[in-house]
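Heads up, the thing below is written out as structure tokens.
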Amino acid sequence: MSHFHLTPTDESEWADLLPRKLLTEQHQHDWAVMYKNIKNMGVFKSPEGFLKEVPLQDVRLHEDSIHGIAQQTNLEYLLMLDVDSLIWSFRKTAGLSTPGTPYGGWEAPDVELRGHFVGHYLSASALMWAITQNDTLKQKMSYLVAGLSDCQKKIGTGYLSAFPSELFDRFEAIQEVWAPYYTIHKILAGLLDQHTFAGNPQALKMVTWMVDYFYNRVQTVITKYTLNRHYESLNEETGGMNDVLYKLYIITGDSKHLLLAHLFDKPCFLGLLAVQANDIADFHANTHIPVVVGSQMRYEITGDPLYQQIGTFFMDLVNSSHSYATGGTSVSEFWSDPKRMADTLKTTENEESCTTYNMLKVSRHLFKWTKEVSYADYYERALTNGVLSIQRGTDPGVMIYMLPLGLGVSKAKTYHSWGTPFDSFWCCYGTGIESFSKLGDSIYFEEEGKDPTLYIIQYISSSFNWKSGKVLLNQTVDPVASWDPYLRVAFTFSPFENTLTTNSTLNFRLPTWTHLDGAKGILNAETLSLPSPGNYLSITRQWSGSDKLTLQLPLTVRTEAIKDDRPEYASVQAILYGPYLLAGHTTGVDWDLKAGANNSDWITPIPASYNSQLVSFSQDFENSTFILANSNQSLAMQKLPLSGTDLALQATFRLVVLNESSSKFSTLADANGKSVMLEPFDFPGMNVVNQGADKPLLIIDSSHGGTSSVFLVVPGLDGRNETISLESQSYNGCYVYSGMSSIAGVKLSCKSGSDASFNQATSFVAQKGLSQYNPISFVAKGANRNFLLEPLFSFRDEHYTVYFNIQG
């Protein structure tokens, strides 16, 4: 135990843990001596100089930003959920009446993990209320806390859960059971967050009563058996029990809370990290990352440098050997062999969302300790690519468990697929609703000192009411685009009225992904000298309402090799644009790219004007709407698809107007009378071509199309104002023809006489493309085809590839 620095703060608490078999006077003396030795070894000064978290209540996200939209989508989900349904199993366990209907999924009444999501909801709602002050949410979460309090009082022992305490009997007997302490951690953490962020005093009383109950249970196990027996039971997932207990100790100062936190520091895992063993393969990732987070809290409370070293080594180990380009980690929930990540691309079960949530906590602690830009860069990468990627657009309550990163994968085609709002409630739903409730919690950090000092480490459109600096700071990030390779951020300032302004310092992160060539910092009209990337631009002044600071940081396309040290996988690389991970639209396993001497030789940005050229062609028949679509590089009529699907991509074409100085359309009617080519949205660089009359239309490389790929847009042959027809340039009088059938392929057919059915089959309603280019879009040249690259977070059901085989 001395090796692991078990450091109780009260001799009586230590004496209570004396195993019953050690009843002799000598054994009691030895037990007391052990305590004194440990205590003498473990006296450390609490560390100072850490950065402080700013109050989340003082941060507001801009509603129209990427992060603001994601937050709003999550708020809508939190408001959709019914409190009586959430606590149905708690009331059932307590013997109370059970109004409402229980939810399904992992919250169903017969699932042993039930109640875990309720704990997450307590945390998420407290965090969301802090940053939005939403009154309806405040009422729901207050009702939830009150309902849970009734359950706890009815049971009468301090115990509170959605399942009976019998599960802990099995846990302590080392019998099979599904992680009861994991759920208890979520409930404790949620109630503590209700106290911390929502100011609910009732929640803190409930936490301390619960902890008294579990302190007694752990004490009974140790005194009845041994301390080692208690640690053996921790081989089951226990969440962040140590973390929440350390946080509770900070509030209460109760030595029992500190001791119990120590007893959930898992020696068999922290011991490996303490001796810096690169040996975490086959460990369940999300069982153990929260234990590291708790050990970081131990360092912050006790100052024991061992736990500082553990956190630092762990982060380095995961990032160097077990992480993806997203910043995430794990495959099928476990760590695999170090630096063998290429093997993990054969499955769809990459990057459990919970692990990203918890790795962000690890990096956040490290940043507060060190102020190192590398940890802030990691946070940005994992938040942008690992967190924003798990929501399905703006669909409330639709999230994923695993983020697939292999070849031709889809978020909708994993073992769990997309979840549903009321029947999933997986672990990653719980961490998901928390992640999207605290998107503003790591943008700004304060430093204590003579003058107010603030670190701005994330460029997210937001405002911060900086009370110690006596100024309201507003940060606006321009939407990032591929055709404008800069991150542009503007800061304005509104000093508090009727207060004396003093000097304060702002430190702005210069991320390591940028470079100085083209970088600018302008304060009012003055151009500032910028430090090299990986440092901070530091400005000290009395900020006034007339001040405006703008930053322009170059964004570059770069490749990053997968974490695999075998030479045959050196060409397996991801493509990033600044902090944004790009994925290529593809349903197949073609992943070969051919790099040039410069990135501009093989990756080109898609111009802003291209979105105005996107069109979809539809016809109505068989009592349904059908759409012209690319089907295995030929054309067919398909039923009108939902947005965010492969078929929506395949039913979108770029109308390339020939011999025009400008091909930007104000309306699709502008294309009438023009010669055009049709480029499939998901096959850039290819065109629709005809092979002659009554032959199928194909999609081939544009360099081989010639005049067979040119069509004249004419008014619809059916005579309707809203339709157009596409006449072949190489075969006059021949048109794109559907046959008004979802079975027959689309072909080129020639007009003979006045045939109403022919006129109908060659007339299409041309509408705005079902798919649109993301502002961050590129075309990458492949060995066999070109790829449309867009940010991973923008994908919904579409198939994609993240890692490519890049030669050259």
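The values are calculated or read from the model by the stated rules, or taken from the named source; none is laboratory data. Here the structure is a predicted model, which is why all the values come from computation and not from measurement. In this analysis, Cβ positions are derived from the backbone assuming ideal geometry, glycine residues included, and neighbour counts consider all displayed protein chains. Areas reflect the complete protein model, heavy atoms only, side chains present, ligands, DNA and RNA absent. Shrake-Rupley method; radii C 1.70, N 1.55, O 1.52, S 1.80 Å.
Any idea which of (1) surrounded by fewer than 21 Cβ atoms within 10 Å (Cβ to Cβ); (2) under 30 Å from ILE562 (Cβ atoms); (3) at pLDDT 95 or above is the one GLN807 doesn't satisfy?
Of everything listed in (1) surrounded by fewer than 21 Cβ atoms within 10 Å (Cβ to Cβ); (2) under 30 Å from ILE562 (Cβ atoms); (3) at pLDDT 95 or above, GLN807 misses just condition (3).
Specify which of the listed residues (HIS67, HIS116) is in contact with a Lys or Arg (Cβ under 6 Å, 6 or more places away or on another chain) and buried (at least 20 other Cβ atoms within 10 Å of the Cβ).
Every option except HIS116 fails the conditions.
Restricting attention to segment 384-425, and to residues there that are part of a loop (DSSP other than H, G, I, E, B) and touching a His at 6+ places or on another chain (Cβ under 7 Å), which single residue is nearest to GLY578 (Cα to Cα)?
GLY408
Going through SER730, SER725 one at a time, which residue ends up being of a type outside the set (Asp, Glu), closer than 20 Å to VAL657 by Cβ, modelled with pLDDT of 90 or more and not in a strand (DSSP E or B)?
The conditions single out SER730.
Would you confirm whether or not segment 774-787 contains a residue that is open to solvent by 50 Å² or more (accessible area, probe 1.4 Å) and farther than 30 Å from LYS563 by Cβ?
no
Does LEU555 satisfy the condition of being closer than 20 Å to VAL480 by Cα and touching a Gly at 6+ places or on another chain (Cβ under 6 Å)?
Yes: the conditions hold for LEU555.
Which of the residues spanning segment 543-564 are surrounded by 13 or more Cβ atoms within 10 Å (Cβ to Cβ) and outside any strand (DSSP E or B)?
TRP543, ASP547, LEU555, THR556, ILE562, LYS563
From the residues in segment 147-171 that are part of a helix (DSSP H, G or I) and out of contact with any helix residue (DSSP H, G or I) (no Cβ under 7 Å at 6 or more places or on another chain), which one is most open to solvent (accessible area, probe 1.4 Å)?
Only one residue fits best here, namely LYS153.
Please go through segment 96-123 and pick out each residue that is of a type in the set (Val, Ile, Thr) and over 27 Å from the mean Cα position of the chain (by Cα).
Matches in segment 96-123: THR98, THR101.
Got a number for residues in segment 513-527 being under 20 Å from VAL373 (Cα atoms) and surrounded by 15 or more Cβ atoms within 10 Å (Cβ to Cβ)?
5
For the structure I just gave you, tell me whether GLU300 is open to solvent by 10 Å² or more (accessible area, probe 1.4 Å), in contact (Cβ under 8 Å) with a residue 60 or more places away in the chain and not in a helix (DSSP H, G or I).
Considered against the rule, which asks whether it is open to solvent by 10 Å² or more (accessible area, probe 1.4 Å), in contact (Cβ under 8 Å) with a residue 60 or more places away in the chain and not in a helix (DSSP H, G or I), GLU300 comes out as no.
Conditions (1) more than 20 Å from GLY119 (Cβ to Cβ); (2) free of Cβ contacts under 8 Å to residues at least 24 places away in the same chain; (3) open to solvent by less than 10 Å² (accessible area, probe 1.4 Å), marked per residue:
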{"position": "GLY430", "(1), (2), (3)": "no, no, yes"}
{"position": "SER442", "(1), (2), (3)": "yes, no, yes"}
{"position": "PRO452", "(1), (2), (3)": "yes, no, no"}
{"position": "ILE457", "(1), (2), (3)": "yes, no, yes"}
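Can you name every residue in segment 719-728 that is more than 13 Å from SER618 (Cβ to Cβ) and surrounded by fewer than 18 Cβ atoms within 10 Å (Cβ to Cβ)?
GLY719, ASN721
With the requirement that a residue be under 17 Å from HIS67 (Cβ atoms) and part of a loop (DSSP other than H, G, I, E, B), what does segment 466-510 give you?
Scanning segment 466-510 gives ASP478, PRO479, VAL480.
Taking ASN503, is it closer than 24 Å to LEU555 by Cβ and touching a residue at least 12 places away in the same chain (Cβ under 8 Å)?
The answer is no for ASN503.
Pick from GLY397, GLY386: which is within 23 Å of TRP591 (Cα to Cα), surrounded by 21 or more Cβ atoms within 10 Å (Cβ to Cβ) and not aliphatic (A, V, I, L, M)?
Result of the check over GLY397, GLY386: GLY386.
For the subset of segment 342-358 comprising residues that are out of contact with any Lys or Arg (no Cβ under 9 Å at 6 or more places or on another chain) and assigned to a loop (DSSP other than H, G, I, E, B), which member is farthest from GLY408 (Cα to Cα)?
Across segment 342-358, the extreme among qualifying residues is GLU351.
Tell me, yes or no, whether segment 698-710 has at least one residue that is over 32 Å from the mean Cα position of the chain (by Cα), among the acidic types (Asp, Glu), at pLDDT below 95 and in a strand (DSSP E or B).
Checked segment 698-710: at least one residue is over 32 Å from the mean Cα position of the chain (by Cα), among the acidic types (Asp, Glu), at pLDDT below 95 and in a strand (DSSP E or B).
Here are the criteria: (1) open to solvent by less than 10 Å² (accessible area, probe 1.4 Å); (2) assigned by the TED database to the domain that holds LYS154; (3) modelled with pLDDT of 95 or more. Tell me which single one TRP209 does not satisfy.
All conditions are met except number (1).
Within segment 128-142, does at least one residue satisfy the condition of being assigned to a helix (DSSP H, G or I), among the polar types (S, T, N, Q) and touching an Asp or Glu at 6+ places or on another chain (Cβ under 6 Å)?
No, segment 128-142 has no match at all.
Looking at segment 643-650, can you tell me whether even one residue there is over 22 Å from THR762 (Cα atoms), surrounded by fewer than 14 Cβ atoms within 10 Å (Cβ to Cβ) and touching a residue at least 60 places away in the same chain (Cβ under 8 Å)?
The answer is yes, given that some residue of segment 643-650 is over 22 Å from THR762 (Cα atoms), surrounded by fewer than 14 Cβ atoms within 10 Å (Cβ to Cβ) and touching a residue at least 60 places away in the same chain (Cβ under 8 Å).
With the requirement that a residue be open to solvent by 30 Å² or more (accessible area, probe 1.4 Å) and in a helix (DSSP H, G or I), what does segment 307-341 give you?
Once the filter is applied, which keeps residues that are open to solvent by 30 Å² or more (accessible area, probe 1.4 Å) and in a helix (DSSP H, G or I), segment 307-341 yields GLN308, GLN309, THR312, PHE313, ASP316, ASN319, SER320.
So which residues in segment 233-254 are in a helix (DSSP H, G or I) and at pLDDT below 95, if there are any at all?
Across segment 233-254, the qualifying residue is only SER233.
Within segment 758-773, can you find the residues that are among the polar types (S, T, N, Q) and more than 15 Å from THR723 (Cα to Cα)?
Selection gives SER771, GLN772.
Specify the residue that is surrounded by the most Cβ atoms within 10 Å (Cβ to Cβ); the eligible residues are those in segment 244-281 that are closer than 19 Å to LYS361 by Cβ and of a type in the set (Val, Ile, Thr).
VAL244
Tell me, yes or no, whether segment 332-355 has at least one residue that is more than 21 Å from VAL54 (Cα to Cα) and in contact with a Cys (Cβ under 6 Å, 6 or more places away or on another chain).
Within segment 332-355, one or more residues are more than 21 Å from VAL54 (Cα to Cα) and in contact with a Cys (Cβ under 6 Å, 6 or more places away or on another chain).
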